[in-house]
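Just below is one structure, and these are the notes that go with it.
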Amino acid sequence: MRSALMLAACLGFCATVDAVAAEYRSALGAYKAKDYPACARLYGQQADRTPPVRGAAYDAACCLALAGEKEAAFARLLATPSDLLRSHVADDADLASLHDDPRWPALLARHRSDMASQMVRRDDALLDELQRRIDNDQNARNQAMQDPANETLATAMGDIDRDNTAWLKAYLTEHGWPGYDVVGRSGSMGFFLLAQHADHDPAFQDQVLVMLQDAVTRKQASGIHLAYLTDRVRLAQGKPQLYGTQFHTVDGKLEPQPIADPGQVEARRAALGMESLDEYTANLQDMHATPKK
């Protein structure tokens, strides 16, 4: 299902909600409720749009596999380009029911080959260092989330963010944004995560936007990552966001922060392969809702 790093990126800015999810409201809600046929249907609707929601076909396949619909799951996966499969496809427990099928090894081989051919300038040393920093980032945030009142943990997380930002700034100043040909899609996600967590240096985040926009134009970075960082930078500058990725709570209700020209937000989101704002809102509400007792 959805990338753990993207979830971490979301948790970096999404406000929590003190609410009880009586029923699921989204594809993610259906997944959490283990209503896998509904989950597959809802993600399938997103995958079949023009343009499709990025990642929806893969998530639909996961739900189909969990629902016991092996043929339909393979149909989704085999029709999905390798770059739209999640990087952890080989280890995704949601797809475990497909592992004994002879089509599974062929699917993984295709994915590995396509991803390897994309990374024509792969930098293993850079990827190793990036992974070390991502691990530090995630471990610090997981600990802080478990004990949000602990000032020592909060300080440690801030120290890690500053150290990661200093490293990121030095690398980007010399090399610019690393494309898929250097770090692959998972590595690009890692760079995006570190940039998202550089809130203590908004001027640097603004500089990153220019580099990221250039990489997106060259099809070497994710437009969705650009949308998230754009909104984050604009809000830090006191401007309304463009894509509705940043939320806060108003009277206990999760709502997007102000959006420029809100009548066009859906078109802007769809152009980048993002789900609708209503679907995104429902995802966040289901993500943060208190489970039923």
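Please list, in order along segment 229-237, the HN-Hα scalar couplings obtained from phi with the Karplus expression 6.51 cos²θ - 1.76 cosθ + 1.60 (θ = phi - 60°), rounded to whole Hz, x for Gly and Pro.
Couplings: 6, 4, 5, 5, 5, 4, 5, 5, 8 Hz.
If contacts are Cα pairs under 8 angstrom and at least 6 residues apart, what is the relative contact order of segment 137-293 in percent?
Details: 149 pairs, mean separation 20.1, N = 157.
Result for segment 137-293 is 13 percent.
Starting from the Cα gyration tensor of segment 13-136, take the square roots of the eigenvalues, sort them a ≥ b ≥ c, and report rounded, prolate or oblate (rounded when a/c is under 1.5, otherwise prolate if a/b is larger than b/c, else oblate). Before the final figure, lay out the partial values.
Working: a/c = 1.96, a/b = 1.24, b/c = 1.58.
Judged from the Cα gyration tensor, segment 13-136 comes out oblate (a/c at least 1.5, b/c at or above a/b).
Give me the three principal axis extents of the chain from the C-alpha atoms, as integers in angstrom, largest value leading.
50, 50, 40
Quick check on segment 135-293: take the gyration tensor over C-alpha atoms, sort the square-rooted eigenvalues as a ≥ b ≥ c, and tell me if it's rounded (a/c under 1.5), prolate or oblate. Walk me through the intermediate numbers first.
Details: a/c = 1.68, a/b = 1.07, b/c = 1.58.
It is oblate, given that a/c is not under 1.5 and a/b is not larger than b/c.
According to a simple spin-label model (label point 7 Å from Cα along Cα-to-Cβ), what is the distance in nm between ALA79 and ALA125?
4.6 nm
Would you please give the residues with an amide H less than 5 Å from that of ARG54, counting only those at least 5 places away or on a separate chain, with H modeled from the backbone geometry?
MET274
We did not get these values from a lab; they are worked out from the coordinates using the rules stated. This structure is a prediction, so every number in the text was calculated from the model and none was measured. Note that each Cβ is placed from the backbone with ideal geometry, even for glycine, and that neighbours are counted across all protein chains shown.
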